[in-house]
Amino acid sequence: SGAQGLQLLEDLDPDLLLMDLRLPDMHGWEMLGKVKEITSLRNLPIIVMADHAASEQQSFALTVARVDVYLVKPVSMAKLRQNIWMALKQRAR
């Protein structure tokens with residue numbers, strides 16, 4: 001859930017946030033807004049996965065929400081691995 005995810009993000013020192021916009025207790029955009037409020041997570045690379053129907057939100061995700069990668073489901077494992085690798089590589093710089 002979004003609440004559990006936020007708690008884990010605060011308790012751990014993550015290298016990357018990979019999340020689905022569809023959460024049982026809140027919308028993914030709401031969770032991302034809360035993540036951006038946590039100072040220690042401001043530079044955390046974020047990969048968002050959304051349903052095909054939400055593909056028109058890609059521009060919003062990349063510009064306003066400052067998401068690093070926006071993937072539309074279904075996503076192949078190869079594409080997911082590649083995007084995770086690239087996000088982590090970019091963070092290492």
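The values are calculated or read from the model by the stated rules, or taken from the named source; none is laboratory data. Small disclaimer: the values here were computed from a predicted structure and weren't measured. When we count neighbours, we look across all protein chains shown, and the Cβ atoms used for this are built from the backbone with ideal geometry, even at glycine. The area values use the complete protein model at the heavy-atom level, side chains included, leaving out ligands, DNA and RNA. Shrake-Rupley method; radii C 1.70, N 1.55, O 1.52, S 1.80 Å.
Output the number of residues of region 20-48 satisfying the condition of being at pLDDT 90 or above and in contact with a Leu (Cβ under 8 Å, 6 or more places away or on another chain).
So the answer is 10.
A quick yes/no check of all residues on (1) among the aliphatic types (A, V, I, L, M); (2) under 19 Å from K73 (Cβ atoms); (3) in contact with a helix residue (DSSP H, G or I) (Cβ under 8 Å, 6 or more places away or on another chain); (4) open to solvent by less than 90 Å² (accessible area, probe 1.4 Å):
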| position | (1), (2), (3), (4) |
| --- | --- |
| A3 | yes, no, no, yes |
| Q7 | no, no, no, no |
| D15 | no, no, yes, no |
| L18 | yes, yes, yes, yes |
| I38 | yes, no, yes, yes |
| L41 | yes, no, yes, yes |
| V48 | yes, yes, yes, yes |
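Count, please, the residues in region 4-20 that happen to be assigned to a helix (DSSP H, G or I) and closer than 15 Å to K36 by Cα.
6
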